Each structure stands twice: as C-alpha cells, then as structure tokens.
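Participant: Below is the structure I would like to discuss, written out as structure tokens.
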Amino acid sequence: MSLQLKIWGCRGSVPTPGPDTVTHGGNTSCVEVMVGDEAALVLDAGTGIRALGLDLVQRGTRRIHLFLTHLHLDHLEGLRFFAPIWDEKVTLEVWGPRSPVLGLRERVLRAFSPPLFPLDFRDVPARIAFHDLPAEPWRGGGISLVADLVLHPGPTLGFRLESDGSSLAYLPDHEPALAGIVGRSPDWISGGALAAGADLVLHDAQYLDEEYGARIGWGHSSVDDAVAFCRAVDARRLVLFHHEPERSDHALELLQDRARALTGDRQLPPLLAREGMVVELG
Ligand SMILES: [Zn+2]
Ligand SMILES: [Zn+2]
C-alpha cells in the first residue's frame, strides 16, 4: 500500500482563524496517515484534530494510534475536543517523547484537569494507553514508523514513515541549523537520518530568512534552512509546514515562491501545507 496522508492542521504556535488564513487554514498541527484498515494513524493533536475526530466518528473508526512529536500546546490542545475519546468503545494509543521529569501520561493529563479544563481525565470514557518513544519501529497497517529526537526546546521527536518503498518524514518543529546543515553528512544533521532520501518531507518553515536572525534558538527554521535541509539529506520534495501565525495566505504564497527559487533541479518544487490537502506517494 502506498503512503497517503491528509493535513488537518499546519499552522504554527497558535490557531489563526480569520479571513486572511482561509486558504491555508488556521488550525495547528495534525496530520492523518491512511493505514488501510479499521484503525487510524494520527501525527500530533493540534486543533486540526477536532475536525478529524468528527470524521473518524462518521467513519466508525474505533482504534486510533496518536503519535505526538512533543507536548507544546499547539500540538496537544485539540485532544480534549477529539470526539472519539468521549466514546467508551474507542481505544486510543498515545505515543510521545520520553522525559526524565514526568511520564507521558502525567504530562498530557495536565491539560485535562481544572482550572485548564472543567473535566478530569478520569471522566474520559475511551480506553487510552500511553507509550514512550523512541522505541523499536512501530508497525501497523502496512506502515512502519521510526522516531528520533530532533533539535527543538524540550524533548521533541521527528518521525519517518515508510510503506511499500515510499517514505515520508514529519518534522513540524525543528531547527537543524543550530547544529549545522551545509557541508555535513546526513547522519550529522539533526533529523537527517529520518529525512534521508525521503519522497516527502513536511518541515518547519516558520520564518523568512530576514526574520530568523532575531529568533535563533526558538526551535524553528527559516524557509532557506528548510530548503537547505532537504537538499543536504537528498529528499525529493519539501512541504512547507508550521506556518507563522502572522503569515496571511498571500504572504505564504510569497514564502512558497522563495522556497521554489532556492530549490535546485534535483528536487521537486516545494509545496505549502494546506488544511484539507491530501498527498499520495508511490
Ligand atoms: Zn509547534
Ligand atoms: Zn514546539
């Protein structure tokens, strides 16, 4: 089975509804990867997961695997409004980064208690299990998923998914330039092994180069660095992800122009991530 994915949210940092973001969307990170059986595979639980949840209820999906890159709120805050968790027939497996401070369950549950939320996690009827990553590669529905730690504040993962010879890397919050990109072999670049030779790389491109100088170390990439990263790891195509909240639809088009101007002949032209976008590989 070839890899097929759908983007339910691709905005960075905070939801941005409004007339200026209608085309590319204002919901924060959430991507569904089709697994071709009764289950669902979801990457991150930003506000995009709310609409996905309604869709999964319609489809009657009751077994869901959720992989969290990290626990910054823009990747978690949709989970409370993910309709399947309010159904006792649903089983949700949550995978996320290990922390030396607190278990994954305890860290996620902070968002499910007063005063942040009126209900307590004990009131959630679905069966929910928590698992630390990285571990052995996860396999299901003909797909394998590998996780690795990447450069971003706090324990943060990137993912590589493979199926039938096609491959996808998901690196929504990532600043590989902090440790260097150009002139290094892929295994010496943050996220390099995850994205090496991938057909598609969904990568952080939050800033323009002229904005990045004042934001070094914040954990995000300039569009120039996202393009340089994909070139250095020999990925086939970049999808610009984690859009800056201030960026209107028109400004995003200019960012895409910039990415395309920087991309050489060996790669396909970069694309802007857009809510509702479906991509099929292979
Ligand atoms: Zn983020
Ligand atoms: Zn983050």
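The values are calculated or read from the model by the stated rules, or taken from the named source; none is laboratory data. Quick caveat: nothing in here was measured; it's all calculated off a predicted structure. Quick reminder, even Gly has a Cβ in these numbers, built from the backbone with ideal geometry, and neighbours come from all protein chains shown. When the accessible area is computed, the model is the full protein with side chains, heavy atoms only, and any ligands, DNA or RNA have been set aside. Shrake-Rupley method; radii C 1.70, N 1.55, O 1.52, S 1.80 Å.
Participant: When you scan segment 28-82, how many residues do you find that are within 16 Å of ligand 1 (Cβ to nearest atom), surrounded by fewer than 22 Cβ atoms within 10 Å (Cβ to Cβ) and in a helix (DSSP H, G or I)?
Facilitator: 1
Participant: Which residue is nearest to ligand 1 (Cβ to nearest atom), if the candidates are limited to segment 220-232 and must be closer than 23 Å to Leu281 by Cβ and buried (at least 24 other Cβ atoms within 10 Å of the Cβ)?
Facilitator: For segment 220-232, the residue satisfying everything is Ser221.
Participant: Could you list, in sequence order, the residues of segment 83-131 that are in a loop (DSSP other than H, G, I, E, B) and polar (S, T, N, Q)? Step through it out loud before you land on a result.
Facilitator: The first filter runs over segment 83-131 and keeps only residues in a loop (DSSP other than H, G, I, E, B), leaving 87-90, 98-103, 113-120, 124-126.
Ser99, Ser113 - these are the residues of segment 83-131 that are in a loop (DSSP other than H, G, I, E, B) and polar (S, T, N, Q).
Participant: State whether the residues of segment 256-274 include one that is in contact with a Phe, Trp or Tyr (Cβ under 8 Å, 6 or more places away or on another chain) and open to solvent by less than 20 Å² (accessible area, probe 1.4 Å).
Facilitator: Of the residues in segment 256-274, the ones in contact with a Phe, Trp or Tyr (Cβ under 8 Å, 6 or more places away or on another chain) are 273.
If we keep only those that are open to solvent by less than 20 Å² (accessible area, probe 1.4 Å) as well, we get 273.
Yes; the residues of segment 256-274 include at least one that is in contact with a Phe, Trp or Tyr (Cβ under 8 Å, 6 or more places away or on another chain) and open to solvent by less than 20 Å² (accessible area, probe 1.4 Å).
Participant: Consider segment 210-249. How many of its residues are without any contact (Cβ under 8 Å) to a residue 12 or more places away in the chain and not charged (D, E, K, R)?
Facilitator: Residues flagged as without any contact (Cβ under 8 Å) to a residue 12 or more places away in the chain and not charged (D, E, K, R) within segment 210-249 amount to 2.
Participant: Being part of a loop (DSSP other than H, G, I, E, B) and in contact with a strand residue (DSSP E or B) (Cβ under 6 Å, 6 or more places away or on another chain), is that true of even one residue in segment 14-23?
Facilitator: Yes, because at least one residue in segment 14-23 is part of a loop (DSSP other than H, G, I, E, B) and in contact with a strand residue (DSSP E or B) (Cβ under 6 Å, 6 or more places away or on another chain).
Participant: Taking the condition within 16 Å of ligand 1 (Cβ to nearest atom), in a loop (DSSP other than H, G, I, E, B) and not β-branched (Val, Ile, Thr), does Gly158 pass? Give the steps one after another, and end with the answer.
Facilitator: Working: within 16 Å of ligand 1 (Cβ to nearest atom): yes; in a loop (DSSP other than H, G, I, E, B): no; not β-branched (Val, Ile, Thr): yes.
Criteria not met by Gly158.
Participant: Follow-up question, since we're still on this one. Of all residues in segment 233-255 being over 19 Å from Val31 (Cα atoms) and of a type outside the set (A, V, I, L, M), which is surrounded by the fewest Cβ atoms within 10 Å (Cβ to Cβ)? Give the derivation first.
Facilitator: Initially, segment 233-255 is screened for residues over 19 Å from Val31 (Cα atoms), giving 233-236, 246-255.
From what is left, the residues that are of a type outside the set (A, V, I, L, M) are 234, 236, 246-250, 253.
Values: Asp234: 14, Arg236: 16, Glu246: 11, Arg247: 24, Ser248: 18, Asp249: 16, His250: 9, Glu253: 14.
The residue in question is His250.
Participant: Going through Asp209, Asp187 one at a time, which residue ends up being more than 16 Å from ligand 1 (Cβ to nearest atom), at pLDDT below 95 and touching a helix residue (DSSP H, G or I) at 6+ places or on another chain (Cβ under 8 Å)? Please lay out each step first, then the result.
Facilitator: Numbers: Asp209 fails: at pLDDT below 95.
Of Asp209, Asp187, the one residue that is more than 16 Å from ligand 1 (Cβ to nearest atom), at pLDDT below 95 and touching a helix residue (DSSP H, G or I) at 6+ places or on another chain (Cβ under 8 Å) is Asp187.
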